[in-house]
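Only one structure is covered here, and it is reproduced in the block below.
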Ligand SMILES: [Zn+2]
């Protein structure tokens with residue numbers, strides 16, 4: 001008996017290939033190797049169902065030149081919305097498909113031997129003919145809720161939120177400081193400026209000063225002052 005990839009997954013792979021014709025396929029795979037064969041794995045053929053393999057690995061590097069952690073997350077999310085999906089593993093997390101009944105949905109940390117940092121693993125359900133269903137998949141993710149974030153993403157979002165919080169505090173402090181400075185400028189601008197010169201008092205003080213000087217010096221000061229007043 002020979003094994004074969006579940007028609008649902010063959011269809012999915014064809015679609016991904018058509019959509020991303022230049023994608024990296026290094027981490028692709030479906031049939032289990034010796035290490036898979038030694039343990040229960042959806043990559044092993046189910047001989048009780050004619051040798052069907054219900055798991056597919058897809059390399060995350062879909063777009064040439066684009067390479068960052070979690071770049072295939074939109075695709076992983078889209079797969080979770082399809083009723084054929086049993087579960088998906090990606091970026092250190094795993095989740096049951098949204099249509100799998102009687103299980104906890106949402107991403108949970110994945111602690112298996114391979115953290116799946118470079119590929120998406122998808123297993124299809126073995127009930128109701130889902131694995132044999134080769135209708136086209138919807139590859140576009142339409143979920144945006146925070147509930148659908150992976151643990152890694154949530155951690156990154158928390159970091160960003162913390163930074164944004166610190167920046168907001170700094171901006172608020174700067175704004176308060178600017179308001180205080182502005183208030184001071186307004187106060188200075190509107191402050192009445194009056195300089196009172198009391199001429200008789202000044203003249204008296206000047207007279208007292210002259211008395212302390214030698215006569216010749218006092219005369220020179222008076223002459224100088226007179227000359228300056230004339231000019
Ligand atoms: Zn796999």
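Quick notes on this structure:
- Exclusive hit being closer than 19 Å to residue 132 by Cβ, out of contact with any strand residue (DSSP E or B) (no Cβ under 7 Å at 6 or more places or on another chain) and touching a residue at least 12 places away in the same chain (Cβ under 8 Å), set 32, 50, 70: 50
One line per residue, one yes/no per condition, for (1) within 16 Å of the ligand (Cβ to nearest atom); (2) at pLDDT below 75:
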| site | (1), (2) |
| --- | --- |
| 115 | yes, no |
| 121 | yes, no |
| 131 | yes, no |
| 143 | no, yes |
| 148 | no, yes |
| 153 | no, yes |
| 168 | no, no |
| 173 | no, no |
| 181 | no, no |
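- If you go through region 6-28 and keep only what is under 36 Å from the mean Cα position of the chain (by Cα), touching a residue at least 60 places away in the same chain (Cβ under 8 Å) and surrounded by 14 or more Cβ atoms within 10 Å (Cβ to Cβ), you end up with 8, 9, 10, 11, 12, 15, 16, 27, 28.
- Restricting attention to region 185-231 and to residues that are part of a loop (DSSP other than H, G, I, E, B) and more than 60 Å from the chain's Cα centre (by Cα), the residue that is surrounded by the most Cβ atoms within 10 Å (Cβ to Cβ) turns out to be 213.
- The test for being within 16 Å of the ligand (Cβ to nearest atom) and farther than 15 Å from residue 119 by Cα holds for residue 36.
- Leading residue by the ranking (nearest to residue 90 (Cα to Cα)) among those in region 108-119 that are out of contact with any helix residue (DSSP H, G or I) (no Cβ under 6 Å at 6 or more places or on another chain) and in a strand (DSSP E or B): 119
- Residue within region 14-22 that is over 21 Å from residue 115 (Cα atoms) and within 15 Å of the ligand (Cβ to nearest atom) present: yes
- Counting residues in region 4-13 that are at pLDDT below 85, within 15 Å of the ligand (Cβ to nearest atom) and not in a helix (DSSP H, G or I) gives zero.
The values are calculated or read from the model by the stated rules, or taken from the named source; none is laboratory data. Since this is a predicted model, take the numbers as computed values, not measurements. With ideal geometry, Cβ positions are generated from the backbone for all residues, glycine too; neighbour counts draw on all protein chains shown.
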